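A short reminder: the numbers here are calculations on the coordinates, not readings from a lab. This one's a predicted model, so the numbers in the text were calculated from it and none came from an experiment. Quick reminder, even Gly has a Cβ in these numbers, built from the backbone with ideal geometry, and neighbours come from all protein chains shown.
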Amino acid sequence: MTLAVERHETVAAHRIPAVLGTEVPLVTGERVGYANLDHAASAPCLAAVRDAVEEFLPWYASVHRGAGFASQVSTKVYERARGILHRFTGARPGDEVIFTRNTTDAFNLLARCLPRRTSVVLFDTEHHAALLPWRGPEVHRIPAPRTRAAAVSAVDTALAACPEGPRLVVIAGASNVTGELLPMAEIAAAARRHGARVALDAAQLAPHRRISLRELDVDYVALSGHKLYAPYGAGVLVGRADWLRAAPPYLAGGGATKAVTEDAVVWNTGPERHEAGSPNTVGVYALGVACERLGAAWDAVVEHENELTDRLLRGLAAVPGLAELRLFDDPGGRVGTVGFVLDGLDPGWVAAVLSAEYGIGVRDGAFCAHVATRRLIGRSGGRGQQALRVSLGLGTTVEHVDRLVLALRQVVARGARWTYGEQDGRWAPSPDPRALPSFLQD
């Protein structure tokens with residue numbers, strides 16, 4: 001059962017876009033509304049995005065290559081979304097908008113476009129999408145300091161030690177482990193003092209806050225549709241054109257070419273240069289629609305999430321044995337993501353209990369940020385290499401937050417009401433009487 005869920009539990013909730021919700025079975029036989037507290041991994045679909053995609057699908061056809069009317073409609077949809085993403089990211093005139101699969105794909109594309117011997121400076125606590133694409137001796141990974149001011153100073157020091165030549169700083173807008181905002185503008189200012197460019201990982205920031213390349217003075221931004229309430233397989237890289245146009249195409253194939261002869265290829269110079277093959281027109285359209293809806297409701301989105309985040313933090317602080325993970329000792333802004341450990345309890349087991357007995361979805365593990373998670377668990381006094389993460393979004397309600405806090409208190413106090421065992425390396429109810437949706441049943 002899939003529902004378009006309107007949210008009324010906070011002052012701002014009635015002004016934010018509605019998301020698709022559902023009911024889930026419990027091991028005890030009941031069905032409850034799903035408390036999706038895992039927005040940081042993949043956000044639910046906006047109802048408006050679902051509706052827009054269904055309206056567009058009869059018109060789906062080839063892009064840039066067809067004379068048929070449906071092809072003209074699809075091309076218009078695709079290029080219109082490019083303009084929407086240019087505005088959504090606060091890009092400058094001349095910045096290119098290149099559609100990708102996701103943030104990981106976008107950063108791998110940018111890594112292929114760096115001039116030779118570009119020095120890359122980044123914190124070792126970045127998400128793997130931003131940590132791993134950069135290779136070679138020119139990559140300088142900095143241990144994340146304990147304060148935001150020290151983070152800016154560390155970037156400044158690392159850049160000063162880099163050899164002459166191009167330099168790039170890679171920085172997350174918000175930590176996917178802790179939800180804390182990083183000092184983006186201050187780090188960009190430090191980069192400018194050394195003639196360096198800045199690439200912003202906005203995967204965790206863009207669903208929660210307005211972003212602007214111009215205002216932050218950064219050169220590139222990458223983000224994913226599946227975290228922006230548009231789970232149709234599209235992402236984007238937006239930024240300065242010179243490095244992108246000078247590099248070989250990310251993929252070799254149709255669409256990236258201007259002319260092909262028996263002996264030579266002339267490649268396109270615009271965004272098509274890195275968009276070879278038939279594009280994900282549906283995904284790009286969905287991403288554009290989601291960005292339009294969010295862009296028209298930022299004040300309400302931020303107010304809604306701030307109210308729920310405050311409520312969540314107060315509730316978690318009262319759970320016995322819970323230690324929150326934090327990058328910084330000093331206070332600062334954050335989005336509605338909280339990583340934590342529970343003394344003596346396996347995170348995977350806790351996540352399984354929350355799902356099976358309470359209808360709550362959270363994330364357990366190291367969140368594709370293994371270095372950060374291990375370090376912060378140790379810093380919090382915990383043990384092991386995995387934690388729990390709760391992440392809020394447009395689909396979150398007061399009831400979801402309160403249900404989670406109550407569930408954690410009950411699990412800490414009395415354990416589980418069902419039996420659990422490890423299956424394929426993960427905890428799961430044993431037995432598990434919950435039936436899969438009908439479309440998955442034989």
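The figures follow:
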| quantity | calculated |
| --- | --- |
| Dipole of the chain, positive direction: furthest Cα of Val260, Cys162, Leu131, with charges on the beta-carbon | Cys162 |
| Size of electric dipole in the stretch 180-331: Cβ of Lys, Arg +1 and of Asp, Glu -1, about Cα centre, debye, nearest 20 | 220 |
| Charged-residue dipole, Cβ positions (Lys, Arg, Asp, Glu), the stretch 290-442 about Cα centre, Debye nearest 20 | 440 |
| Peptides 149-159, 378-388 ordered by average Cβ neighbours within 10 Å, highest first | 149-159, 378-388 |
| Whole-Hz couplings from phi, Karplus 6.51/-1.76/1.60, listed for the stretch 160-168; x for Gly and Pro | 4, 8, 6, x, 4, x, x, 9, 9 |
| Net charge of neighbours whose Cβ lies under 12 Å from the Cβ of Glu357, counting Lys and Arg as +1 and Asp and Glu as -1 | +2 |
| Ranked packing of 347-357, 85-95, 136-146, most packed first, by mean Cβ within 10 Å | 347-357, 85-95, 136-146 |
| Residues Arg141 and Glu23, FRET efficiency given R0 of 41 Å [Cβ-Cβ distance, rounded to 0.05] | 0.40 |
| Nearest-20 debye value, the chain charge dipole, Cβ charges on Lys, Arg, Asp, Glu | 800 |
| Total formal charge among the other residues, if their Cβ is under 13 angstrom from that of Pro248, Lys/Arg +1 and Asp/Glu -1 | +4 |
| Sites Asp217 and Ala296, calculated FRET efficiency, Cβ-Cβ separation with R0 30 Å, nearest 0.05 | 0.75 |
| Vicinal HN-Hα couplings computed from phi for the stretch 255-269 (Karplus, 6.51 cos²θ - 1.76 cosθ + 1.60; Hz; Gly/Pro x) | x, 7, 9, 8, 7, 10, 10, 4, 10, 8, 10, 10, 8, 5, 10 |
| Two-site FRET efficiency, Ser42 against Asp310, from Cβ-Cβ distance with R₀ of 22 Å, rounded to 0.05 | 0.35 |
| Value of relative contact order over the chain, rounded to a whole percent, pairs C-alpha under 8 Å and six or more apart | 23 |
| Dipole-positive endmost among Val284, Gly90, Leu313 within the chain (Cβ charges, Cα centre) | Gly90 |
| Among [x] 55; [y] 50; [z] 44, the entry derived from the coordinates for percent of Cα pairs over 29 Å apart | [y] |
| Phi-based couplings in Hz for the stretch 344-361 (Karplus 6.51, -1.76, 1.60; Gly and Pro marked x) | x, 10, 6, x, x, 5, 4, 4, 5, 5, 4, 5, 6, 9, 10, x, 10, x |
| Amide proton proximity set for Val32, modelled H, under 5 Å, gap of 5+ | Val24, Leu26 |
| Rounded to 5, the percent of DSSP beta bridges in the chain classed as antiparallel | 65 |
| Inter-label distance, nm, simple model (7 Å from Cα along the C-beta direction), Arg426/Ala413 | 3.0 |
| Within the stretch 1-159, percent of DSSP bridges classed antiparallel, to nearest 5 | 65 |
| Per residue convex hull volume, Cα atoms of the stretch 217-315, in Å³ | 133 |
| Helical contribution to [θ] at 222 nm, DSSP H n ≥ 4, -39,500 (n - 2.57), averaged over the chain, rounded to 500 | -10500 deg cm²/dmol |
| Among Trp418, Gly359, Gly378 - extreme Cα towards positive end, dipole of the stretch 358-427, charges at beta-carbon | Gly378 |
| Local electrostatic count, Arg434, Cβ distance below 14 Å [Lys/Arg +1, Asp/Glu -1] | -3 |
| Contour excess over end-to-end distance, with Cα ends at Ala70 and Leu440 and 0.36 nm allotted per residue | 129.9 nm |
| The stretch 50-295 shape via C-alpha gyration tensor axes, a/c threshold 1.5 | oblate |
| Three-way shape label, the stretch 296-411, alpha-carbon gyration tensor, a/c 1.5 | oblate |
| Antiparallel bridges, percent of DSSP beta bridges restricted to the stretch 50-295 (to nearest 5) | 45 |
| The stretch 39-94 - Kirkwood radius from inverse mean 1/r over Cα pairs (Å) | 13.2 |
